[in-house]
Amino acid sequence: YSFTDEPQISPVSVAQSVKRQADYVLDLHEAGKEGFLEQLDANELLRVVQVADFLIGYAEKNQNNNLSYWLYPYRFNYPSYDEVLTPPWYSGMAQGQVIETLLAAFVITRDESYLSAAQLSANAFYIPVDDGGVTIFSADQGAWFEEYAKQNTTHPQVLNGHNFALLGLQRLLHFDCSYRDIYDQGILALESFLPRFDVGVWSRYDLLKYMANPKYHRIHIEQLNKLGGDNNNDVLMKYARKFTMQKVVPIGAI
């Protein structure tokens, strides 16, 4: 980071270093393909496992009452939204992308410890931000997974970060359906807050300060198409179509 004196560990970046390979493995597994691992590059598969091993060793292991959960901390100051997040701070987006890496390692190795690690990582979604977790709970608006999560700070509610968390949980449902409830709460939150991300001509990056740049507007469309299509969700598909139209129609023309 340009604002740090030395390199720092970003859990999102670590997971994304093998995201292409992890997604490919999980896509083929979910499609029910047989024998596909033998056809993939062994070094790339090994890299997924190596990154998963690093993340397991890096995880912060926690306990809340009878619930064990793992978090992946950011251990440096991060200037965010006119305040500085002090370490440790956490990210729902990181939790989701780490889960994908761990599940891919499980498919590759069939070692149950990777599945267990993914479940422990998903358990963090049950912990509110105010208790040191990554989730903002609402009685009637579901569960929002915060990308920049820290106690006693502003919650910007970053759209792509929430969606990446949902996509990680969605992967886990193929292995353990007991996370369906927290996933559904995340979908409810997305439905509830999506109208506030639509400014008529473009999408917002968050609900606090920033508009999406073209890269993130495109990511919003891709995520909503995926989540909306997989859940047959008319609300999500409506905004996927609307954001797509905003992308192709010049700003100010509508």
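The values are calculated or read from the model by the stated rules, or taken from the named source; none is laboratory data. These numbers were taken from a predicted model, which means no experiment stands behind them. FYI the Cβ positions are ideal-geometry reconstructions off the backbone, even for glycines, and counts take in every protein chain you see. Please note that ligands, DNA and RNA were not included when accessible areas were found on the heavy atoms of the full protein model with its side chains. Shrake-Rupley method; radii C 1.70, N 1.55, O 1.52, S 1.80 Å.
Taking the Cα centre of region 110-196 as origin and charging only Cβ (+1 Lys, Arg; -1 Asp, Glu), how large is the dipole, in debye to the nearest 20? Don't skip to the answer; put the middle values down first.
Numbers: 5 positive and 11 negative charges, 41 e Å.
Here region 110-196 has a charge dipole of around 200 debye.
Just the C-alpha atoms of region 1-159: what Rg/Rh do they give, with Rh taken as the Kirkwood radius?
On the way: Rg = 16.6 Å, Rh = 16.6 Å.
Answer for region 1-159: 1.00.
Return the calculated 222 nm mean residue ellipticity for the chain, to the nearest 500 deg cm²/dmol, obtained by summing -39500 (n - 2.57) across DSSP H runs with n ≥ 4 and dividing by the residue count.
Working: 9 runs with 131 residues, N = 254.
Mean residue ellipticity at 222 nm (helix-derived): -17000 deg cm²/dmol.
Within the chain, what percent of beta bridges assigned by DSSP are antiparallel, to the nearest 5?
Details: 16 of 17 bridges.
Expressed as a percentage, antiparallel bridges in the chain total about 95.
At 1.4 Å probe size, with the rest of the protein present, what percent of the exposed accessible area of the chain is carbon and sulfur atoms?
Working: 5750 of 11760 Å².
Solvent-exposed carbon and sulfur of the chain make up 49 percent of the total.
Tell me, what ³J(HN,Hα) does each residue in region 73-78 have, in order and in whole Hz, if you take phi through Karplus 6.51 cos²θ - 1.76 cosθ + 1.60 with θ = phi - 60° and put x for Gly and Pro?
x, 9, 10, 8, 5, 10
Quick one: what are the phi-derived ³J(HN,Hα) couplings along region 173-188, Karplus 6.51/-1.76/1.60 with θ = phi - 60°, whole Hz, x for glycine and proline?
Couplings: 4, 6, 10, 8, 6, 5, 8, 4, 5, 5, 4, 4, 5, x, 5, 4 Hz.
Taking H as built 1.01 Å from N, whose amide H comes closer than 5 Å to the amide H of residue 68, not counting residues under 5 places away?
Answer set, sorted by chain and number: none.
Leaving out ligands and nucleic acids, note down the accessible area per residue over the chain with a 1.4 angstrom probe, in whole Å². Write down the numbers at each step before the final one.
Values: 11760 Å² over 254 residues.
That works out to 46 Å² for each residue.
Only Cα pairs under 8 Å and at least 6 apart count here; give the relative contact order of region 4-118 as a rounded whole percent. Walk me through the numbers before you get to the answer.
Working: 132 pairs, mean separation 37.3, N = 115.
In percent, rounded to a whole number, it is 32.
Residues with amide H under 5 Å of residue 85's amide H, sequence separation 5 or more or different chain, H placed in the peptide plane at 1.01 Å from N; which?
Distant-sequence amide H within range of residue 85: 78, 80.
In whole angstrom, how far apart do the alpha carbon centroids of region 111-134 and region 173-192 sit?
14
Contour minus end-to-end for residue 215 and residue 151, with contour as 0.36 nm per residue of separation and end-to-end as the Cα-Cα distance? Display every interim value, and only then the final one.
On the way: separation 64, 0.36 × 64 = 23.04 nm, distance 2.92 nm.
Gain on stretching residue 215 to residue 151: 20.1 nm.
With only Lys, Arg, Asp and Glu charged, each at its Cβ (+1 for the first two, -1 for the last two), find how big the charge dipole of the chain is about the Cα centre; round to the nearest 20 debye.
That gives the chain a dipole magnitude of about 720 debye.
Using DSSP to define loop residues, name the chymotrypsin sites (Phe, Trp or Tyr not before Pro) in region 2-101 whose beta-carbon has at most 10 other beta-carbon atoms within 10 Å.
Numbers: sites: 3, 24, 36, 54, 58, 69, 70, 74, 76, 81, 89, 90; in loops: 3, 36, 76, 81.
In loop regions of region 2-101 (DSSP not H, G, I, E or B), the sparsely surrounded chymotrypsin sites (Phe, Trp or Tyr not before Pro) are 3.
Please list, ordered by chain and number, the residues whose modelled amide H lies under 5 Å from the amide H of residue 203; skip anything fewer than 5 residues away on the same chain.
212
Of 61/150; 150/226; 61/209; 150/209; 150/242, which pairs sit farther than 22 Å apart, going by alpha carbon to alpha carbon? Numbers along the way, then the final one.
Details: 61/150 17 Å; 150/226 29 Å; 61/209 33 Å; 150/209 18 Å; 150/242 32 Å.
Those over the limit are 150/226; 61/209; 150/242.
Read phi for every residue in region 126-133 and hand back ³J(HN,Hα) as whole Hz from Karplus 6.51 cos²θ - 1.76 cosθ + 1.60, θ = phi - 60°, with x for Gly and Pro.
8, 9, x, 4, 5, 9, x, x
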